[in-house]
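Any read-out appearing in this document is the output of simple, stated calculations on the displayed coordinates, not a laboratory observation. Keep in mind the model is a prediction, meaning the values are calculated, not measured. All Cβ positions, glycine included, derive from the backbone under ideal geometry; neighbour counts span all protein chains shown.
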Amino acid sequence: MTEEPPKLDYRIGIGTDIHILVPNRPLMLGGVHVPFPAGLQAHSDGDVVLHALIDALLGAAGMGDIGTVFPDTDPAFKDADSKGLLLDVKEKLEQKRWQVVNVDVIVHLEKPRLESYQGQIKRSIASLLGMDFAAVNVKAKTNEGLDAIGRGEAIGATATALLHLKYKRGL
């Protein structure tokens with residue numbers, strides 16, 4: 001008799017997001033308000049960090065993407081706080097027994113400089129997901145003057161997430 005292979009219990013997801021900068025709008029990155037004269041234009045609060053992270057989490061769990069779960073055609077999500085969207089996704093993951101192991105985020109932007117905000121963003125993400133601060137990584141990269149990000153017209157983010165499936169005893 002041949003043994004069955006072990007059940008897949010780890011999955012990786014990747015997510016991306018980009019929004020154009022517009023004046024007189026708060027800039028939210030990773031659930032943190034970053035003082036800047038412009039913010040991100042979007043149906044919700046435009047937090048590209050949390051949007052990319054949500055996409056990474058949903059992708060890892062095979063649960064679609066942010067646009068499917070929170071469509072921008074739904075007035076309920078107009079100016080939505082992305083922290084609430086992430087908490088909703090966390091709850092959906094927990095219902096399916098997925099645990100977030102770690103996340104890694106790259107924020108693509110020319111300005112503002114994020115050195116003094118990276119720790120706050122990490123703390124925000126760790127708190128929202130109920131995970132260890134050390135399991136969250138946030139990096140900031142410029143586009144060296146290339147494309148809309150490089151010209152300072154937009155901010156983007158890329159995120160990866162590793163999930164672990166918690167089995168119930170006896171399964």
Exercise. Pick out, from His43, Leu58, Tyr10, the residue whose Cα sits farthest towards the positive end of the charge dipole of the chain, with +1 on the Cβ of Lys and Arg and -1 on the Cβ of Asp and Glu.
Key: Tyr10
Exercise. Largest first and to the nearest Å, give the Cα extent of the range 105-171 along each principal axis.
Key: 56, 23, 14
Exercise. Calculate the radius of gyration of the Cα atoms of the range 1-139 to one decimal place, then report Dmax, the largest Cα-Cα distance, as a whole number, both in Å.
Key: 16.2, 68
Quiz item: What is the Cα radius of gyration of the range 1-82 over 2.2 N^0.38 Å, N being its residue count?
Solution: 1.45
Self-check item: Extension gain (nm, one decimal) between Lys92 and Arg123, 0.36 nm per residue minus Cα-Cα
Solution: 9.0 nm
Practice problem: Using the Karplus curve 6.51 cos²θ - 1.76 cosθ + 1.60 with θ = phi - 60°, work out ³J(HN,Hα) for each residue of the range 52-64 in order, rounded to whole Hz, and write x for Gly and Pro. | Solution: 5, 5, 4, 4, 5, 5, 4, x, 4, 8, x, 10, x
Quiz prompt | Sequence-distant residues sharing a close amide H with Gly152 (under 5 Å, placed H) | solution = Glu110
Quiz item: Quick one: which of Lys78/Lys166; Lys96/Lys141; Lys83/Lys111; Lys111/Lys166; Lys141/Lys166 span more than 29 angstrom between C-alpha atoms?
Solution: Lys78/Lys166; Lys96/Lys141; Lys111/Lys166; Lys141/Lys166
Quiz item: Can you list residues whose amide H is under 5 Å from Asn102's amide H, if they're 5+ apart or on another chain and H is modeled 1.01 Å from N?
Solution: Leu162
Self-check item: For Val138, residues with placed amide H under 5 Å, excluding near neighbours
Solution: Val105
Quiz item: Among Thr16, Thr160, Thr142, which one moves the most in a GNM of the chain with springs linking Cα atoms closer than 10 Å?
Solution: Thr142
Quiz item: So, with +1 on the Cβ of K and R and -1 on the Cβ of D and E, and no other charges, what is the size of the charge dipole of the range 68-171 about its Cα centre, to the nearest 20 debye?
Solution: 600
Practice problem: Take the chain, connect every pair of alpha-carbon atoms lying under 10 Å apart with a spring to form a Gaussian network, then pick out the residue of Ile20, Ile121, Ile54 with the largest mean-square fluctuation. | Solution: Ile20
Self-check item: DSSP beta bridges in the chain [antiparallel fraction, %, rounded to 5]
Solution: 80
Quiz item: Using a Gaussian network model of the chain with C-alpha springs under 10 Å, which one of Gly67, Gly39, Gly15 is most mobile by mean-square fluctuation?
Solution: Gly67
Self-check item: Bins of 5 Å from zero: percent of alpha-carbon pairs in the range 28-71
Solution: 5, 22, 27, 21, 13, 7, 3, 1
